[in-house]
1. Looking at segment 168-209, which GluC sites (Glu not before Pro) are in a loop (DSSP not H, G, I, E or B) and have at most 14 other Cβ atoms within 10 Å?
2. If you average the alpha carbon positions of segment 1-79 and of segment 134-207, how far apart do those two centres end up, in angstrom?
3. Taking neighbour Cβ counts within 10 Å as the exposure measure, how do Thr29, Thr87, Thr113 sort from fewest upward?
4. Rounded to the nearest angstrom and ordered from largest down, what semi-axes does the equivalent ellipsoid of segment 33-101 get from its C-alpha gyration tensor (root of 5λ)?
5. Are there chymotrypsin sites (Phe, Trp or Tyr not before Pro) in segment 89-164 that DSSP marks as loop and that have at most 13 other Cβ atoms within 10 Å, and which are they?
6. Does a label point 7 Å from the Cα of Glu163, set along Cα-to-beta-carbon, have any residues of segment 170-213 with amide nitrogen under 17 Å, and which are they?
7. Kindly give Rg over Rh for the chain, based on alpha-carbon atoms, with the Kirkwood expression for the hydrodynamic radius.
8. Per residue and in Å³, how big is the convex hull formed by the alpha-carbon atoms of segment 106-174?
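We did not get these values from a lab; they are worked out from the coordinates using the rules stated. Predicted model, so just to flag it, every value in this text is computed and none were measured. Cβ coordinates were reconstructed from backbone atoms using ideal geometry, including for glycine residues, and neighbour counts include every protein chain displayed.
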Amino acid sequence: MKVLVVNGSPRRSMNTAQLLEKVAEGAATGGSEVELVHLRDHQFSGCISCFHCKDPQGKSYGRCILKDDLRGVLELAHEADVLVLGTPFYFGTETALMRAFLERLWFQYFLYTLKKPPLSPRKKATALIYTMNVKEEDMAAYGKTAIVEAAKKYMEMLFAPCEVFLCTDTKQVKDYSRYEMDMWDVEAKDKRHKEVFPEDLNKAFELGRKLVA
Ligand SMILES: Cc1cc2nc3c(=O)[nH]c(=O)nc-3n(C[C@H](O)[C@H](O)[C@H](O)COP(=O)(O)O)c2cc1C
């Protein structure tokens, strides 16, 4: 079984990356072939609306024609049996890296017709992982619940049922005292990071195991 895990955080070792590493570890326990891709290591754009992927006579029907670094990642995503995408919230939505990836991943398969199913390989098990500063109970007020639901809807339209994993109230930086960040209760953030984040890491590991089961 092939598992692709995609990190949409520009940081390679912080909250999102750590959770994704645990998902990858969990998925690997079953002997799956697991690859973790950090989008920041790649140079790519979002969808350019060229419509080659929607041209049934063209040679790139159902596949993105752009030849940048994302081509290989999209190929891995196409072939994967399990696809796990992780992103922090940036200004109320996914990071620019993840948005660009999602535009390219989704639009190539998406059809503006109800007469045919989308062009995606629909068998994939998928999961979306979001990390964020806000607390879970404040997500709806900040419009985040709707964003997660929208992404889940597209994943399910194109692939298969999609698990959602939320890691809220994260510790954003190692040392808050270095920066002008006095709006946070640093003690509470530290406490949560010590007590709740390890539980989230365990849950991420279990999610990885579940996705390949
Ligand atoms: C540019 C930027 C914008 C952010 N916007 C939000 C936001 O809108 N809502 C939120 O809850 N957190 C926001 N955050 C905080 C991150 O989502 C949070 O710290 C996340 O866990 C970081 O993930 P990482 O540690 O994997 O990089 C923002 C962080 C940055 C750098």
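1. Numbers: sites: Glu180, Glu187, Glu195, Glu199, Glu206; in loops: Glu180.
Hits after loop and neighbour filter: Glu180.
2. Distance between centres, Cα-based: 21 Å.
3. Numbers: Thr29 13, Thr87 27, Thr113 8.
Placing the least packed residue first, the sequence is Thr113, Thr29, Thr87.
4. Working: eigenvalues 101, 53, 24 Å².
In descending order, the three semi-axes are 22, 16, 11 Å.
5. Working: sites: Phe89, Tyr90, Phe91, Phe101, Trp106, Phe107, Tyr109, Phe110, Tyr112, Tyr130, Tyr142, Tyr154, Phe159; in loops: Phe91, Phe110, Tyr112, Tyr142, Phe159.
Within segment 89-164, the qualifying chymotrypsin sites (Phe, Trp or Tyr not before Pro) (loop, at most 13 other Cβ atoms within 10 Å) are Phe91, Tyr112.
6. Residues 198-213 qualify, since their backbone N sits under 17 Å from the label point.
7. On the way: Rg = 17.8 Å, Rh = 18.0 Å.
With Rg and the Kirkwood Rh in hand, the quotient comes to 0.99.
8. Details: hull volume 7.8 nm³, N = 69.
Expressed per residue, the convex hull around the Cα atoms of segment 106-174 is 114 Å³.
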